[in-house]
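Everything on this sheet refers to the single structure shown next.
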Amino acid sequence: MVARFPARLGLLLDADPASVRLAEVALLVASGARPDLDIDAQCTLLDEIADAVRSRLPDDHDEQVTVLALNAYLFDELGFEGAQDDYQDPRNSHLDEVIARRRGIPITLSILYIDVGRQLGLDLEGVAFPGHFLVRCDMADGIVIIDPYGGGITLDRDDLQARLRESRIGEVSDDALDEMLEPASPRGIAARMLRNLKAVHLEAKRFEPALDALEWLVSVLPDDDSELRDRGRIYDRLDCFRPALSDYMAYLERSPDADDADSIRGRIVDLQRSAARLN
């Protein structure tokens, strides 16, 4: 049974992004798998980490000293690290599990980093960089890009272009790179987390948890036709003919000229026949 989409999450996604605690967004996403998750208790754990870093800062610290202290405490003392060996484990996408196990994927480690760093006075934002979520820190002398998955290493423009060259995207113009480094919105971050969960579960053929992620994705991105179609496909895979039909038909109504429109129309005919046999 799909957990009800939390009204609290909806309110956060509609709020002024500057007022939103991203860790709360991430924990609410994790509550889809564990509806009894104590969000406030988890936020308190992050507050305690921030307090511990703060106690290690000298009185005359600046932004760079704060970043170094944050990195030292998170990655050296507490041992937070990227999940290299079990990247596809869905626990790496749940912030509460990341806090407990001290391992995660780029987006969850970045959200943890942002939450603690903001409490220390750092101007941090999430960056939805292609293939690898990052953190930007706006300092007095410019923007610094940080990779929490890599233990807090900083990346210059050459490093970022090198990563793009290794991907399917390839090197881009300076303007395009600047656009990629713009802050991600809380809604965009929630959607990326849910898409990660959808992909992880589909890869393992866990269709019901994938459907759970898609149910929430449709709420987070109500205008994204592809998520509506994908939800229909999973309903279809689970032999839930009527909801599959409903999603497919809504998809075609909204995207009648989509590249896959003809195949979806053909599937609708098949499902209508199957549904008729159930009557």
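Worth a mention:
- Pair list, Cβ < 6 Å and 6+ apart or interchain, from the stretch 243-257 residues that are exposed (fewer than 15 other Cβ atoms within 10 Å of the Cβ) to residues that are not in a loop (DSSP other than H, G, I, E, B): ARG254/ASP225
- Against the test of being more than 16 Å from ALA184 (Cβ to Cβ) and of a type in the set (Asp, Glu), the options ASP147, ASP158, ASP138 yield a single qualifying residue, ASP158.
- Test: residue in the stretch 129-146 that is aromatic (Phe, Trp, Tyr) and assigned to a helix (DSSP H, G or I): no
- Considering the stretch 56-67, the residues that are surrounded by 14 or more Cβ atoms within 10 Å (Cβ to Cβ) and within 23 Å of LEU22 (Cα to Cα) include one that is modelled with the lowest pLDDT, namely GLU63.
- Taking (1) more than 30 Å from GLU215 (Cβ to Cβ); (2) buried (at least 18 other Cβ atoms within 10 Å of the Cβ); (3) among the aliphatic types (A, V, I, L, M) in turn, ALA140 satisfies each apart from (2).
- For the stretch 16-39, taking the residues that are without any contact (Cβ under 8 Å) to a residue 40 or more places away in the chain and among the small types (Gly, Ala, Ser), the one that is farthest from VAL116 (Cα to Cα) is identified as SER31.
- Condition check for ARG118: basic (Lys, Arg), assigned by TED's automatic domain parsing to the domain that holds ALA69 and under 17 Å from VAL20 (Cα atoms): yes
- Test: residue in the stretch 99-107 that is at pLDDT below 95, under 19 Å from LEU197 (Cβ atoms) and in contact with an Asp or Glu (Cβ under 9 Å, 6 or more places away or on another chain): no
- Checking each residue in the stretch 182-221 for being closer than 24 Å to ALA23 by Cβ and without any contact (Cβ under 8 Å) to a residue 12 or more places away in the chain picks out only ALA199.
- Of all residues in the stretch 1-30 being assigned to a loop (DSSP other than H, G, I, E, B) and farther than 27 Å from TYR73 by Cβ, the one that is farthest from the chain's Cα centre (by Cα): MET1
- Any hit, the stretch 40-55, residues being surrounded by fewer than 16 Cβ atoms within 10 Å (Cβ to Cβ), basic (Lys, Arg) and touching a residue at least 12 places away in the same chain (Cβ under 8 Å): no
- Scope the stretch 99-128; condition more than 22 Å from GLY79 (Cα to Cα), of a type in the set (Asp, Glu) and outside any loop (DSSP other than H, G, I, E, B); matching residues: GLU125
- Unmet requirement for VAL29, which otherwise passes all of (1) loosely packed, with under 13 Cβ neighbours inside 10 Å; (2) closer than 21 Å to VAL127 by Cα; (3) of a type in the set (A, V, I, L, M): (1)
- Pair list, Cβ under 6 Å, 6 or more apart: the stretch 157-178 residue in a loop (DSSP other than H, G, I, E, B), other residue of a type in the set (D, E, K, R): GLU171/ARG165
The values are calculated or read from the model by the stated rules, or taken from the named source; none is laboratory data. Since we're looking at a predicted model, the values are computed, not measured. As a convention, Cβ positions derive from the backbone with ideal geometry for all residues, glycine included, and neighbour counts pool all protein chains shown.
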